[in-house]
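*Asks:* The structure is given below, and queries will be raised subsequently.
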Amino acid sequence: MIPYGRQSVSEEDIGAVVDVLRSDFLTQGPVVPEFERQVAAHCRANFGVAASSATAALHIAYQALGLSQGDELWTSPITFVATPNAAFYCGAVVDFVDVEGDTGNMSVEALEEKLRERRRDGGRLPSIVVPVHLGGLSCDMERVHALACEYGFKIVEDASHAIGGEFRQYRVGSCRYSDITVFSFHPVKIMTTGEGGMAVTNDAMIAARMELLRSHGITRDPISMTGPSHGGWYYQQIALGNNYRMTEMQAALGASQLKRLPVFVQERNRLALRYDALLSGLPIELSARRSGILSAFHLYQIKVQSAERRFVYDHLRRSGIGVQIHYIPVHTQPFYRERGFSMGDFPEAEAFYDRILSLPMFFGLSDADQERVASALQQAWNRG
Ligand SMILES: *Cc1c(COP(=O)(O)O)cnc(C)c1O
């Protein structure tokens with residue numbers, strides 16, 4: 001089976017991890033802070049805070065921006081469940097904004113309309129809005145940011161798919177138009193640490209808050225303490241945090257992978273153009289683009305007729321092609337239905353889901369494998 005995504009681990013990556021295993025620190029050593037500096041520098045942001053997963057990074061990001069009981073967080077229904085779930089960890093309430101039909105990204109028009117309606121009806125406005133850069137293609141962050149200024153919400157970019165991408169002249173993660181950007185380093189994503197994630201920000205206070213919440217809410221900084229220190233051993237717990245730390249082995253793998261990030265993204269873009277050419281004669285919509293935005297191409301998503309999608313999926317699977325669907329709209333999940341959402345709430349997202357199919361896309365996918373994918377797709381229509 002050709003998978004839809006997989007990691008690329010080099011001998012150099014392996015060497016970097018083994019070096020850490022022979023060193024003094026497996027956790028809380030020098031490698032995690034170095035990896036944080038490197039990712040932040042790559043994005044042209046000031047601070048990086050590594051975490052055990054992107055889910056953990058989203059949680060501390062929302063907490064650091066003050067999300068709590070009585071607050072609302074809005075995101076796209078076309079995302080992995082982790083994006084809204086982390087709002088529930090904070091005791092907050094979730095709502096969704098419908099998507100653009102072609103990219104599946106949160107629609108800025110729908111966001112503006114929902115904000116205007118809420119304000120007019122005297123309803124609750126969101127504390128945080130979380131655009132998700134689906135498949136690695138950035139949302140129009142400048143326009144989301146303009147709405148944040150008008151309506152007073154914070155922005156967290158869920159860039160789990162998008163490290164290495166660009167929005168106009170800015171790298172995803174620059175936080176030019178957001179408060180925090182979160183990356184995932186799960187093995188199917190652009191670069192990996194096994195499990196792992198990172199939140200980047202330009203704000204020193206937010207970074208310090210996320211660091212605190214990543215590690216039990218414990219500080220050793222006398223300035224943050226109430227009362228005098230008892231001595232060199234002293235620490236205080238000043239908030240309720242978690243253990244969301246990344247290990248040194250993970251950070252070593254990440255730092256080594258980061259060196260190849262430009263090559264990973266370049267190759268994914270090459271593969272995407274090649275898919276465009278190979279699939280051009282088929283009755284499908286090719287992966288959506290936006291001028292001025294460099295996608296990191298975590299996913300190459302095509303759209304087929306909704307009536308044909310199940311057959312095409314099954315046919316490809318039978319042919320050894322590991323296609324996937326990204327995503328089942330979150331509001332249709334039982335957990336979310338129990339919280340008041342129903343089928344029909346976000347029609348563009350539901351229509352997107354009915355037609356979408358993610359083809360294999362990863363560094364190391366061979367030209368021959370891509371041709372196998374294309375001919376299996378061709379066969380689906382010849383037989384169907
Ligand atoms: C993968 C992913 C996450 C969660 O990442 P983990 O590192 O697995 O916790 C969150 N949001 C999106 C959009 C993702 O694709």
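*Asks:* Among Ala288, Asn85, Ser229, whose Cα lies farthest out toward the positive end of the dipole of the chain, if unit charges sit on the beta carbon of Lys, Arg (+1) and Asp, Glu (-1)?
*Replies:* Of Ala288, Asn85, Ser229, it is Ala288.
*Asks:* Between the stretch 175-201 and the stretch 272-344, what's the alpha-carbon centroid distance in Å?
*Replies:* Cα centroid of the stretch 175-201 versus Cα centroid of the stretch 272-344: 22 Å apart.
*Asks:* Kindly work out what percent of the DSSP beta bridges joining two residues of the stretch 44-177 are antiparallel, to the nearest 5.
*Replies:* The answer is about 25 percent antiparallel.
*Asks:* Nearest 20 debye, what's the magnitude of the dipole of the chain about its Cα centre given +1 on Lys and Arg Cβ and -1 on Asp and Glu Cβ? Walk me through the intermediate numbers first.
*Replies:* On the way: 37 positive and 43 negative charges, 56 e Å.
Result for the chain is approximately 280 debye, rounded to the nearest 20.
*Asks:* Using +1 at the Cβ of each Lys and Arg and -1 at the Cβ of each Asp and Glu in the stretch 85-148, identify which of Ile128, Val99, Val144 lies farthest towards the dipole's positive end.
*Replies:* So the residue furthest toward the plus end is Ile128.
*Asks:* On to the next question. At Leu26 and Met225, where each label point lies 7 Å from the Cα along Cα→Cβ, what is the point-to-point distance in nanometres?
*Replies:* Reported label-point gap for Leu26 and Met225 is 3.0 nm.
*Asks:* When the dipole is taken about the Cα centre of the stretch 231-289, and only Lys, Arg (+1) and Asp, Glu (-1) are charged at their Cβ, what size is it in debye, to the nearest 20?
*Replies:* 160
*Asks:* Counting other beta carbons within 10 Å of each Cβ, put Ser23, Ser8 in order, fewest first.
*Replies:* Ser23, Ser8
*Asks:* While we're on this one: Nearest 0.05, what FRET efficiency do Asp354 and Gln69 give at R0 = 45 Å with Cβ-Cβ as r?
*Replies:* My answer for the efficiency is 0.80.
*Asks:* Compute log10 of I(q)/I(0) for the stretch 129-282 with the Debye formula, placing one identical point scatterer on every Cα and leaving out solvent, at q = 0.14 Å⁻¹, to two decimals.
*Replies:* The Debye formula, applied to the Cα set alone, gives -0.84.
*Asks:* Over the chain, what per residue volume does the convex hull of the Cα atoms give, in whole Å³?
*Replies:* Taking only Cα atoms, the chain has a hull volume of 141 Å³ per residue.
*Asks:* I've got another one for you. Would you calculate the separation in nanometres between label points at Arg143 and Met205, each defined as 7 Å from the Cα along the Cα-to-beta-carbon direction?
*Replies:* Going from the Arg143 label point to the Met205 one covers 3.1 nm.
*Asks:* Please rank Glu150, Glu338, Glu72, Glu36, fewest neighbouring Cβ atoms within 10 Å first, as an exposure proxy.
*Replies:* Arranged by neighbour count, lowest to highest, Glu150, Glu338, Glu72, Glu36 become Glu338, Glu150, Glu72, Glu36.
*Asks:* Please give, to one decimal in nm, the separation of the simple spin-label points placed at His216 and Arg289, each 7 Å out from Cα toward the Cβ.
*Replies:* The two pseudo-label positions are separated by 5.2 nm.
*Asks:* What 222 nm value per residue comes from the helices of the chain, counting each DSSP H run with n ≥ 4 as -39,500 (n - 2.57) and dividing by all residues, nearest 500 deg cm²/dmol?
*Replies:* Roughly -12000 deg cm²/dmol at 222 nm, from the helical runs in the chain.
*Asks:* Sort the following peptides by mean Cβ neighbour count (other Cβ atoms within 10 Å, averaged over residues), highest first: 50-59, 221-230, 197-206, 234-243.
*Replies:* Numbers: 50-59: 26.5, 221-230: 9.6, 197-206: 22.7, 234-243: 13.5.
Descending packing order for the listed peptides: 50-59, 197-206, 234-243, 221-230.
*Asks:* Test of understanding: ordering Lys154, Lys189 by Cβ neighbours within 10 Å, fewest first, what list do you get?
*Replies:* Exposure proxy ranking, most exposed first: Lys154, Lys189.
No lab work stands behind these numbers, since they all come straight from the coordinates. Predicted model only: the values in this text are computed from it and were never measured. Note that each Cβ is placed from the backbone with ideal geometry, even for glycine, and that neighbours are counted across all protein chains shown.
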